[in-house]
Amino acid sequence: MKSEIFIIADNIISPLGFTSEENFQHLKKMETGIKSVSGRSLSAEPVCAAVINDDKITSEFDKLNIKDQYTRLEKLFILSIADTLKQAPAVKANSSKTLIILSSTKGNIDLLGSANNNGFDKKRLTLWETGNVITKHFGNPNKALIVSNACISGVLAMIIGKRLLEQGVYENIIVSGGDILTHFVVSGFQSFKAVSNEVCKPYDASRDGISLGEACGTVILTNNSALRSPDSILIKGGASSNDANHISGPSRTGDGLSLAIEKTLHEANLKPSEIDFISGHGTATPYNDEMESQALTASELQNVPMNSLKSYFGHTLGAAGIIESIAGIHSIKNNTLIGTYNFKELGVTKPINIIKETKTQKLNNCLKTAAGFGGCNAAILFSKN
């Protein structure tokens with residue numbers, strides 16, 4: 001029999017705040033963190049994006065009284081993990097029974113070329129070195145596990161953490177996901193003509209592309225029942241799949257995502273009718289949102305209330321799966337469905353049930369979905385214990 005895996009602490013850092021609670025309060029009020037950003041640091045033309053204020057990062061990091069020099073992303077990881085650990089004092093980051101998993105698609109991408117003004121060693125660009133830096137800071141004796149699988153990285157990192165705990169390899173796992181924006185990142189998505197000129201519109205008839213964002217999020221997973229509290233959230237299932245279809249475009253049928261969802265429901269021993277709401281991927285691109293509608297309908301989930309948080313946070317890449325899962329967890333705890341900002345008229349062929357306005361409703365089970373370049377898909381299911 002598998003041991004039960006719980007999430008006992010969490011943190012979100014985004015333009016909406018530096019704690020999960022602060023972020024969730026803005027979500028409840030349907031306040032977006034996406035703004036028009038000018039200046040050539042991100043794009044030659046103004047671009048709608050969710051960018052964390054540098055002065056805020058500096059002021060929060062200074063409170064930790066750390067003398068060593070860290071990159072912008074490393075500071076976000078340290079701040080997010082430190083805040084999460086404060087909520088779970090029994091979890092020791094320096095224990096061999098604790099593993100750190102990092103989720104990121106680009107890592108210290110701002111160190112490319114002349115942008116590396118602080119003269120960091122070139123190996124700092126590699127994700128494995130980011131892992132070394134973070135484990136060293138927290139005194140963790142284990143080698144960090146790095147998950148970098150496009151936009152499902154955050155969800156996949158939690159699924160991997162769950163499986164390692166079930167095997168009894170560790171007692172606690174810190175899963176942290178983060179990515180930042182640079183000209184390199186923004187221009188890459190612009191080259192696909194995938195970036196909207198306004199705040200993105202998930203699942204909407206007039207959607208025309210993504211809004212990018214930067215964030216960091218952390219959860220602590222445990223199989224130690226002594227650490228759980230009445231409001232700890234259970235991870236009941238999780239699965240991943242791949243379309244094997246196209247290097248950047250999703251499957252038109254949604255078969256891959258549907259397979260991940262069905263495997264997740266099977267592991268959780270839940271029927272589609274028992275899912276209270278879905279935190280969708282919802283990038284606001286024409287093909288992704290359509291694919292999701294196909295997958296959810298095939299999985300008999302088309303009537304379940306669902307939202308996308310991409311129009312609040314932007315698409316935060318390696319952080320997306322984690323911060324959106326945390327928001328879903330707080331939705332369960334608060335029995336609150338967050339409306340999808342900027343959604344007006346359904347623009348996909350299947351009649352999925354998009355939440356327009358924030359409302360209260362008794363909630364027990366949340367399904368989180370994710371999809372990414374290369375045809376990768378993932379789903380994870382959270383429940384009240």
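Taken together, the values in this text are just the output of simple stated rules run on the coordinates, not laboratory data. Owing to the predicted nature of the structure, the values given are computational and were not obtained by experimental measurement.
Key figures
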| read-out | value |
| --- | --- |
| Mean projected area in nm² (Cα convex hull; one quarter of hull surface) for the chain | 17.1 nm² |
| Cα pair distances of the range 145-198 binned at 5 Å [whole percent] | 4, 16, 19, 17, 14, 10, 8, 7, 5, 1 |
| Kirkwood hydrodynamic radius (C-alpha pairs) into Stokes-Einstein, the range 5-44, 20 °C and 1.002 mPa s, D in µm²/s | 176 µm²/s |
| Residue of ALA268, ALA260, ALA319 that the Gaussian network model of the chain assigns the largest fluctuation, springs spanning Cα pairs under 10 Å | ALA268 |
| The range 298-377: C-alpha gyration tensor shape, a/c 1.5 cut-off, then a/b vs b/c | rounded |
